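These notes concern the structure reproduced below.
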Amino acid sequence: MKQKILYTLFSLLCFGLMNTAQAQISNPPEFHEGAQFYINKQIPQAVAALEQGLRKEPDNLAMQELLKKIREQQDQQDQQNQQQNQQNEENQDENQEENQDQQNQEENQQEEENSENQEQEQEGQEEQEDQQNQEQQGEDAEQQEGDSQEQEPQEGEQQQDQANEEQENEEDSPPPSPSAAERLQEMNMSEDKARMILDAMRNAEVQYLQQNKRKATQKPDNSKPDW
């Protein structure tokens, strides 16, 4: 019913155009096909039918006006679509930026939480290590104190044993030999006289060695017996 009303109005409009420009001239069938396609929103088919009719009757004002109107609506629709697409792109970009900002914020928050957790874990580990070190130092101090208490009697015993051993060595060691002066005094001999005797003994030893050296350099006489 609605389509019939639109078609009637559209026909009246076209009829008015025909009266002003081409009175008493009937429209070709391409015009009616184009008008029907246009009412049914089949725009490409309407344009094709009107263009075909204009090739037959290029001066037909009704088909020219209808085709112009369709193209104006197409341009308007294309412009609206372009604006809508641009708006959609802008909205998409804004959504992407918002999502990226939210993601960055979540990542930063996660990093801060991880950093805080790591710091807490490190502090807990350091406290545990300090406590272990203190306990170990206490145990070492107790062990050292016990060792020192055990070592003191041992050291006393070692010192006593060493003193006894030194005393026994002193008792067992022979008396020291008398010096050369004491021996000369016992022999009623002065140092000058003893030095003279030593020089004479040294000279005699030197002469003896020289004589043996001469005998070794002389060739033995084979005519004489060895003895």
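The values are calculated or read from the model by the stated rules, or taken from the named source; none is laboratory data. Model, not experiment: these values are computed from the prediction. FYI the Cβ positions are ideal-geometry reconstructions off the backbone, even for glycines, and counts take in every protein chain you see. The accessibility values were calculated without ligands, DNA or RNA, using every heavy atom of the protein model including side chains. Shrake-Rupley method; radii C 1.70, N 1.55, O 1.52, S 1.80 Å.
For this structure, a couple of remarks:
- Pairs, first more than 18 Å from Tyr38 (Cα to Cα) in region 48-60, second of a type in the set (S, T, N, Q) and at pLDDT 90 or above, C-beta under 9 Å, six or more apart: Pro58/Gln64
- Any chance Gln87 is part of a helix (DSSP H, G or I), open to solvent by 90 Å² or more (accessible area, probe 1.4 Å) and not hydrophobic (A, V, I, L, M, F, W, C): no
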